[in-house]
1. Quick check on my filter: what residues within the range 331-357 are open to solvent by 40 Å² or more (accessible area, probe 1.4 Å) and more than 21 Å from Leu46 (Cβ to Cβ)?
2. Tyr79 versus (1) open to solvent by 30 Å² or more (accessible area, probe 1.4 Å); (2) under 21 Å from the mean Cα position of the chain (by Cα): which is the lone unmet condition?
3. Looking at this structure, is Ala423 of a type in the set (A, V, I, L, M), surrounded by fewer than 19 Cβ atoms within 10 Å (Cβ to Cβ) and either in a helix (DSSP H, G or I) or touching a strand residue (DSSP E or B) at 6+ places or on another chain (Cβ under 8 Å) (or both)?
4. Anything in the range 386-420 that is among the aromatic types (Phe, Trp, Tyr) and either exposed (fewer than 14 other Cβ atoms within 10 Å of the Cβ) or within 42 Å of the chain's Cα centre (by Cα) (or both)? List them, or say none.
5. Can you pull out every residue in the range 177-194 that is assigned to a helix (DSSP H, G or I), free of Cβ contacts under 8 Å to residues at least 24 places away in the same chain and within 23 Å of Leu311 (Cβ to Cβ)?
6. Just need a number here: residues in the range 253-287 that are hydrophobic (A, V, I, L, M, F, W, C), more than 20 Å from Tyr183 (Cα to Cα) and more than 19 Å from the chain's Cα centre (by Cα).
7. Looking at the range 148-174 only, could you name the residues that are closer than 15 Å to Ser202 by Cα, open to solvent by less than 30 Å² (accessible area, probe 1.4 Å) and more than 25 Å from the chain's Cα centre (by Cα)?
8. Would you pick out the residues in the range 429-457 that are part of a loop (DSSP other than H, G, I, E, B) and modelled with pLDDT of 85 or more?
Amino acid sequence: MEAELRWHRMQVWACGLCLVLLLAGCCPGSEATFVGVCYGQCVTNLPSSQKVVQLLQAQSIPRVRLFDADSGVLRALAYTNIQVVVGMTNSEMSGVAQSEAVAYAWVSNNVAAYLPATRIIAIAVGSEVITSPLNISSLLVPAMINLNSALVSAGLDGQVKVSTPHAMGVIQNSFPPSAGSFYSSFVPVIQPLLSFLSQTQSFFMVNVYPFYTFQNENPRVSLDYALFQPKTGTVDPNSGLVYFNLFDAQVDAVYYALEALGYSNLSLVITETGWPSMGYASEVNVVNFQNAAAYNGNLIKHILQKNGTPLKPGIGIDTYIFELFNEDQLPGPTSVRNWGLFRPDGTKYYDISFGGQGSISGGTVPSGNPGQIPIVNRTFCITSVGASFTGLQSALDWACGKARVDCSAIQPGQDCYLPDTVASHASYAFNSYYQDSGMDPSSCSFSGLASITSLDPTT
C-alpha cells in the first residue's frame, strides 16, 4: 500500500513539475548544453554527501552522474537544482530484465521516491554492458524496456529517460571518423537498443577517452591533438571534414556508426571523459597535472561554446567529466586511481572553471614556489626521519636482494654512492622499488621505515 501511495503521489508531482519546467523553459529539447561530473565513491576519507553537494554547488557544476542510486546522495541533492543521472549496476539488471514488478519497485524506490525535490533526469542502465566480459548483453534491452514501462505508469517518462553507457569498444572503425561502424557481432543487441532509444526520445550514451586512444595509437595521434591544442587540422579523406581534436573525431565516428544503422537523428551524451593526472613513472610526460588541466579545461570550453563537431556543427553534447575525486581504492594501474578533479577536502588538483571562463589553453597547475610544485604529479618514496639503522639495513638488503631492485648505482664509485650512508642508500632502493611498482602507495611502507613525498629527492 505504501508503494502504491508513493506512486500516486509521484503522478501528481510529475504533473506539477512538468508545468514548472515549461514555465522555466527547461523541458527536454532545451538548447542549453552542460558539462557535469561523474561521482564515484571508492575514495579514502570520502566526504559526507552534504559536503559533496556543497562542493558541486560551490563549483557551479550543474549535473552529476552517479554509478548507483545512493539514497544519501540523492537526498542531499534535493532542492539544489543539480540534475542527476542515477545508475543501475550491472548486477541489478537481471532481476529488472526478467520482471516488470522488479522494475516497478526499482523505479519507485530509486527514482520516484526522490522526485521532484531531486532533479533526476535519466537512468543509466549498467555500464559498458555490451563489451563486458560477463556476457549479460541479452539482459540490457529487456531491462531498459521494463524500466521505461515503469516510468510511463508513473507519468515520469517525459522527465526521466532510460539509456545505457557504452565503451568506444563497440565501434569497430573510428579512423577516419567517416568509416565509423559498430562491430557486426554487437549489432543484434545494438539495433533493438537504438530502436528503443528512438521510440522513447532518449539519447545514446558513450564514454569517450582520447587518452586511451593516444596511448594505443601513438605516434599516429599527437598529444596536442588529443589535448585540444593542435597546430594543424586532420582531414578525413572520405568526407573532407577537418578535425582539430581527437574528441570530435571520436564523437563523429559514433555519429557515423549510428547513421549506418539508420539512426542519424539520435542525440549523444558523453557519460565519461577525462585525463588522469598520475600514472606509472614511465608515463610521466603524458600523465601529469598539466595535461589533465589542459584536456579538461579545453574540453569544458569546447562543450560550453556549443561548437558541435565537424559532422554536426552547432549541436551541443552534454558531457560528464570522469571524475570528481580520485578513486584511490580501485584496483589496477596507478592511472586508474587518479582521474579526480578535487581532493576529498574540496581543494582542486589544478584550476579549471565549469563556467567556461578559463584560458584557451585549458586549466592551470596551482601556482607557488616553482621548486616545490610536483609539476608532473609524480611522487617519491624516501626513508622516514628517525628510522632505525638496523631496520633500514634489513630493508635495504631485502630491496636489493629478494625484491630485485637494481642497486648498482649505489655501489662504490657509482653515481649515487655518495653520501655513503645507509639512509641515503635505502632511499634510493626504496624509491626504485616504488617507481617500478607504479607509485602504488602500498609499495612504500617497508614496515614504517619509508614515507611518500612529492618533492624530488634528486634535485
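The values are calculated or read from the model by the stated rules, or taken from the named source; none is laboratory data. Everything quoted here is computed from the prediction, not taken from an experiment. Cβ sites come from the backbone with ideal geometry, for glycine too, and all protein chains shown count toward neighbours. Quick note on the areas: whole protein, heavy atoms, side chains included, nothing else; ligands and nucleic acids left out. Shrake-Rupley method; radii C 1.70, N 1.55, O 1.52, S 1.80 Å.
1. Selection gives Pro333, Asp351, Ser353, Gly355, Gln357.
2. Of everything listed in (1) open to solvent by 30 Å² or more (accessible area, probe 1.4 Å); (2) under 21 Å from the mean Cα position of the chain (by Cα), Tyr79 misses just condition (2).
3. Details: of a type in the set (A, V, I, L, M): yes; surrounded by fewer than 19 Cβ atoms within 10 Å (Cβ to Cβ): yes; either in a helix (DSSP H, G or I) or touching a strand residue (DSSP E or B) at 6+ places or on another chain (Cβ under 8 Å) (or both): yes.
So Ala423 passes the test.
4. Listed by number, the residues that qualify are Phe389, Trp398.
5. Within the range 177-194, the subset assigned to a helix (DSSP H, G or I) is 177-179, 184-194.
If we keep only those that are free of Cβ contacts under 8 Å to residues at least 24 places away in the same chain too, we end up with 184-185, 188.
Of everything in the range 177-194, just one residue is assigned to a helix (DSSP H, G or I), free of Cβ contacts under 8 Å to residues at least 24 places away in the same chain and within 23 Å of Leu311 (Cβ to Cβ), namely Ser184.
6. 2
7. Matches in the range 148-174: Asn148, Leu151, Leu156.
8. Passing the criteria: Cys444, Ser445, Leu449.
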